Amino acid sequence: MSDNYLPRAGRRRFLQGLALGAAAIGLGWRAARAAAPPEVLRGNDFDLRIGAVPVNFTGRERTAITVNGSLPAPVLHWREGDTVTLRVTNTLDEPTSIHWHGLLLPADMDGVPGLSFPGIAPGETFTYQFPVRQNGTYWYHSHSGMQEQLGLYGALVIEPRAADPLAVDRDHVIVLSDWTDEDPHRVLARLKKQPDYYNFHQRTVADFFRDVKRTGLGATLADRHMWGNMRMNPTDLADVSGYTYTYLMNGEAPVDNWTGLFRPGERVRLRFINAAAMTLFDVRIPGLKMTVVATDGQPVVPVVVDEFRIGNAECYDVLVTPEGDQAWTIFAQSMDRTGFARGTLAPRAGMSAAVPAPDPRVLLTMADMGHGGSGHDMSAMAGHEGHEMPATASSRVTIHHAPTEFGPGVDMRATNPSPRLDDPGIGLRDNGRRVLTYADLASPGADPDGREPGRTIELHLTGNMERYVWSFNGLKMSEAGPIRLTLGERVRFLLVNDTMMDHPIHLHGMWSDLEDEEGRFKVRKHTLIVKAGHWLSYRVTADAPGPWAYHCHLALHMESGMFRTVLVADAAAEGSPTEGHGHD
Amino acid sequence: MIDRIDRRHVLAVLAPILVLMPPLAMAEDSLPSAVAHMDDNPWQTMFLLDQFEWQDAEEGGALVWDVNAWAGTDDHRVLLRAAGERVDGTTEENRVELLWWHPVASRWDLVAGLRQDLEPVTPRSYAALGVQGLAPWWVHVEATAYLGERGQTAATLEAETDLLLTNRLILAPRLEAEAYGRDDERNGVGNGLSEITAGLRLRYEIRREFAPYFGLEWTGKLGDTADLARADGESVRDARWVAGLQVWF
């Protein structure tokens, strides 16, 4: 508990740059940061030490968990085709681990305690060794408890074996994250007791009268009745907000203004990684077009945008060509608009450009809850929560709610989820900017596997916000068995979002090949945002034997049960039925 | 005093609950968890001092408390409810409930256990069974039925909601109703709907966990209970200013 809460709030607002931006620097106050900036380590043999170090992002000293004393952890540069050896030493007094996010490697090198290996005990050194079979931008992070939230994350840059097809003059890694001065376990405990603890933008009595003036009494009452009847909150855009978070860019608070240098006219590649525990970011560089050239380490057909949303654990490589002797702001606002990470591209250190204000907050709609399709006639849908008729999602796919979804752990089920990949998502629609959507992403080649999936595993993303429990198909990790895949099979995952939040879903060890609405291969990724009120499908080639983690990359959702083991084994080895609705 | 037969009666209701509760609570934990570090059904505790207030009673200042505390997992909890009133150095009301809690629907929980009234006058024991949850329009509801000594029955209903004037300044209307199946003259309770309390409290959440408030509470005794109160020379209707603190952790 804070002993002097109000002064702290004032200072936090200042640090987060909510009101100001460049003005803050004029005042000459900088957050003291104790953790070193990340060093760049190259080669194929590394010694990494995980330890606790003091940091100070808000004016208060706290303890972060770091690799080699830096936050983020060192940028590791590998080369495709090399075999890398990493000796990871745990100097903490608790077990730790490192997971290599998005990498194809043997299951026992994946770094998930209890699945891949027992974890790294205090004082122990674990040696990771595996061949590097891919190139691009990836990252690594702890898979133990809340250590990722506490700072244990870093960038991985893997150079291609052949020459880089993109002729870039300069490269910057940009790791986005969220920092809280609170114990992350306490954050979770608070959400379990009061799920709207961090939401200070709920609708008030004044909003009611404003709406009456704007839309009339009848419409306002109908709207309030609909939400009140469902007991859902249209302002619930994030579980954890800028009330506690300071958003970081490469480990620097907005006021510290991380700066990447360029020479005017250079082609600069920015490798964005979202290493946040609970924050989706909307990223733009006002005045500069960004050409998206890769996502999750994999090349895409270049697409020029003003802005993109990056879900937790996603990676985007973009090219920019800043001109002139001027600075450009890299602006990454949190999806709930309660704060932002900020940095600068500049020809010289010490420059800065205007920092935009966060966009206005929007309210969730019935469509965001998968109840759309009736011309956004929201009042007509009132009381349809718990609707049990099978939802029709498109001509291709019929959505089935599993019987396990009808328990206390699930507070809603989408009746008519949308398959649209070209919807940029909540808060980004019709904002006047060209916003990247998954519909824009296309791998340059055909489906690398080529086979049609032999079956479909349907999984629903479920939860109960008021109870703060999260699950697949209404079952938490501890209540469900593994999802079994047969070694070598090509399988379709159909994910239906039965909540009103976006969930970035990550399958370890194998690619997730996103399909378009008609079931055609689109793009290869390791983490996919399933938007609120939407479904999507992707193909997986089960070519990596062993137990793999499969989960929502919102750390507290994962911790609360939105997690499964995916077990890939020879057909002869396993006989038990798999979870989820299997369609052949 | 509670006679033996009635105590046994209460125990007969409670025993299955108390015996079943620990194994049910542990069932989840005994499943092999593949991921060692994860605990998706963690042990949690909460202590909520929902009301801790001074009331300007006719007899002088009254201290009123209402505690709601629990410990357990997402599936099973032990719930403690305690409420009471102290006027002029005398505890006039003191009720404690110890309940097992289990979610049964997305918005509703089942509670079952024991209620013990230590005051007024003659202690009474009851077995309790009820629901609590979130009704439409975000109304928190607790509805509990009680079965007590000598066939006494009782029921309470509590409903409360939050109206956000701002995201920190919150107006909370609250309604309580209590009914009994039989007269209990020693405790001033008559058969039927006995008492209704309506409150309106305005709190300011300095933190979510720490909110001073003030408000108004109106209490009316009804039916036979009102008659008993009149016979004792007590007032039947009472409106009081209140000021207090809501705290949780």
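Among (1) over 19 Å from residue B:123 (Cα atoms); (2) in contact (Cβ under 8 Å) with a residue 24 or more places away in the chain; (3) out of contact with any strand residue (DSSP E or B) (no Cβ under 8 Å at 6 or more places or on another chain), where does residue B:192 come up short?
Answer for residue B:192: the failing condition is (3).
Mind checking whether some residue in segment B:116-126 is among the hydrophobic types (A, V, I, L, M, F, W, C), more than 14 Å from every other protein chain (Cβ to nearest Cβ), in contact (Cβ under 8 Å) with a residue 24 or more places away in the chain and not in a strand (DSSP E or B)? Spell out the reasoning first.
Of segment B:116-126, the ones among the hydrophobic types (A, V, I, L, M, F, W, C) are B:118, B:121.
Filter once more, so that each one left must be more than 14 Å from every other protein chain (Cβ to nearest Cβ): B:118, B:121.
Subset that is in contact (Cβ under 8 Å) with a residue 24 or more places away in the chain: B:118, B:121.
Imposing the further condition that a residue be not in a strand (DSSP E or B) reduces the set to B:121.
Yes, that holds for at least one residue.
For segment B:233-248, what are the residues that are of a type in the set (Gly, Ala, Ser) and in a loop (DSSP other than H, G, I, E, B)? Show your work before the answer.
Pass one, segment B:233-248, residues of a type in the set (Gly, Ala, Ser): B:233, B:235, B:239, B:243-244.
The answer is B:233, B:235.
For residues that are within 14 Å of chain B (Cβ to nearest Cβ) and surrounded by 24 or more Cβ atoms within 10 Å (Cβ to Cβ), scanning just segment A:519-549, find the one that is nearest to the chain's Cα centre (by Cα). Let's see the steps before the verdict.
Just the residues of segment A:519-549 that are within 14 Å of chain B (Cβ to nearest Cβ), to begin with: A:546-549.
Now narrow it down to the ones that are surrounded by 24 or more Cβ atoms within 10 Å (Cβ to Cβ): A:548-549.
Details: A:548: 19, A:549: 16 Å.
The extreme case among them is A:549.
Would you be able to tell me the number of residues in segment B:114-126 that are under 14 Å from the mean Cα position of the chain (by Cα) and either of a type in the set (D, E, K, R) or modelled with pLDDT of 95 or more (or both)?
The total comes to 3.
Return yes or no: is residue B:201 basic (Lys, Arg) and either within 27 Å of residue A:408 (Cα to Cα) or exposed (fewer than 15 other Cβ atoms within 10 Å of the Cβ) (or both)? Even if it seems obvious, please write down each step before you answer.
Numbers: basic (Lys, Arg): yes; either within 27 Å of residue A:408 (Cα to Cα) or exposed (fewer than 15 other Cβ atoms within 10 Å of the Cβ) (or both): no.
No.
Restricting to segment A:323-338, and then to whatever is of a type outside the set (Asp, Glu) and out of contact with any Lys or Arg (no Cβ under 9 Å at 6 or more places or on another chain), can you tell me which residue is nearest to residue A:297 (Cα to Cα)?
Taking segment A:323-338 and keeping what is of a type outside the set (Asp, Glu), we get A:324, A:326-335, A:337-338.
Subset that is out of contact with any Lys or Arg (no Cβ under 9 Å at 6 or more places or on another chain): A:324, A:326, A:328, A:334.
On the way: A:324: 30, A:326: 30, A:328: 25, A:334: 23 Å.
Filtering first and then ranking leaves A:334.
What are the residues in segment A:296-308 that are within 13 Å of the chain's Cα centre (by Cα) and either over 18 Å from residue A:141 (Cβ atoms) or free of Cβ contacts under 8 Å to residues at least 24 places away in the same chain (or both), if any? Steps first, answer last, please.
The first filter runs over segment A:296-308 and keeps only residues within 13 Å of the chain's Cα centre (by Cα), leaving A:296, A:308.
A:308, the sole residue that qualifies.
Starting from segment A:461-476, keep only residues that are facing chain B (nearest Cβ under 9 Å) and assigned to a loop (DSSP other than H, G, I, E, B), then list their pairs with residues that are buried (at least 22 other Cβ atoms within 10 Å of the Cβ) and of a type in the set (Val, Ile, Thr) whose Cβ atoms are within a distance under 8 Å, requiring at least 6 positions of separation or different chains.
Filtered contacts from segment A:461-476: A:476/A:469.
Enumerate the strands (runs of 3 or more DSSP E) found wholly within segment A:56-156, keeping only those where 1 or more residues are without any contact (Cβ under 8 Å) to a residue 60 or more places away in the chain and within 14 Å of chain B (Cβ to nearest Cβ).
A:83-90
Scan segment A:337-363 for residues that are in a loop (DSSP other than H, G, I, E, B) and buried (at least 24 other Cβ atoms within 10 Å of the Cβ) and jot them down. Can you show your working first?
To start, the set of residues in segment A:337-363 that are in a loop (DSSP other than H, G, I, E, B) comprises A:337-339, A:347-363.
A:338, A:339, listed by residue number.
Out of segment A:477-499, which residues are within 14 Å of another protein chain (Cβ to nearest Cβ) and under 20 Å from residue A:235 (Cα atoms)?
Narrowing segment A:477-499 to residues within 14 Å of another protein chain (Cβ to nearest Cβ): A:477-484, A:498-499.
Hits for segment A:477-499 are A:498, A:499.
Criterion first (of a type in the set (Val, Ile, Thr) and within 21 Å of residue B:186 (Cα to Cα)) does residue B:91 satisfy it?
Details: of a type in the set (Val, Ile, Thr): yes; within 21 Å of residue B:186 (Cα to Cα): yes.
It is true that residue B:91 is of a type in the set (Val, Ile, Thr) and within 21 Å of residue B:186 (Cα to Cα).
Can you name every residue in segment A:183-213 that is out of contact with any helix residue (DSSP H, G or I) (no Cβ under 8 Å at 6 or more places or on another chain), under 18 Å from residue B:72 (Cα atoms) and at the interface with chain B (Cβ under 9 Å from one of its Cβ atoms)?
A:185, A:189, A:190, A:192, A:193, A:194
Got a number for residues in segment A:213-263 being exposed (fewer than 15 other Cβ atoms within 10 Å of the Cβ) and assigned to a helix (DSSP H, G or I)? Even if it seems obvious, please write down each step before you answer.
Narrowing segment A:213-263 to residues exposed (fewer than 15 other Cβ atoms within 10 Å of the Cβ): A:213-219, A:263.
If we keep only those that are assigned to a helix (DSSP H, G or I) as well, we get A:213-215, A:217-219.
Number of matching residues: 6.
Step by step: first the residues of segment B:127-173, then only those that are more than 9 Å from chain A (Cβ to nearest Cβ) and in a loop (DSSP other than H, G, I, E, B), then the one that is surrounded by the fewest Cβ atoms within 10 Å (Cβ to Cβ). Which residue is that?
B:162
Count, please, the residues in segment B:85-105 that happen to be modelled with pLDDT under 95 and of a type outside the set (A, V, I, L, M).
Of the residues in that region, 10 qualify.
If you scan segment B:215-232, which residues turn out to be in a strand (DSSP E or B) and more than 9 Å from residue B:193 (Cα to Cα)? Let's see the steps before the verdict.
Just the residues of segment B:215-232 that are in a strand (DSSP E or B), to begin with: B:215-221.
Matches in segment B:215-232: B:215, B:216, B:217, B:218, B:219, B:220.
Taking segment B:70-101 only, how many residues are crowded, with 18+ Cβ neighbours inside 10 Å, within 14 Å of chain A (Cβ to nearest Cβ) and free of Cβ contacts under 8 Å to residues at least 40 places away in the same chain?
4
With the requirement that a residue be buried (at least 24 other Cβ atoms within 10 Å of the Cβ) and among the hydrophobic types (A, V, I, L, M, F, W, C), what does segment A:291-327 give you?
A:308, A:310, A:313, A:315, A:318
Can you tell me which residue within segment A:161-209, out of those that are of a type in the set (Phe, Trp, Tyr) and assigned to a helix (DSSP H, G or I), is surrounded by the most Cβ atoms within 10 Å (Cβ to Cβ)? Spell out the reasoning first.
First, pick out the residues of segment A:161-209 that are of a type in the set (Phe, Trp, Tyr): A:179, A:197-198, A:200, A:208-209.
With assigned to a helix (DSSP H, G or I) added as a condition, the list becomes A:208-209.
Numbers: A:208: 17, A:209: 12.
The residue in question is A:208.
With at pLDDT below 95 and of a type in the set (A, V, I, L, M, F, W, C) as the only criterion, which of B:111, B:35 stands out? Walk me through it before giving the result.
Values: B:111 fails: at pLDDT below 95.
None of the others qualify; the one that does is B:35.
The values are calculated or read from the model by the stated rules, or taken from the named source; none is laboratory data. Worth saying up front: this structure is predicted, and the values here are computed from it rather than measured. Neighbour counts run over all protein chains shown; Cβ positions are idealised from the backbone, glycine included.
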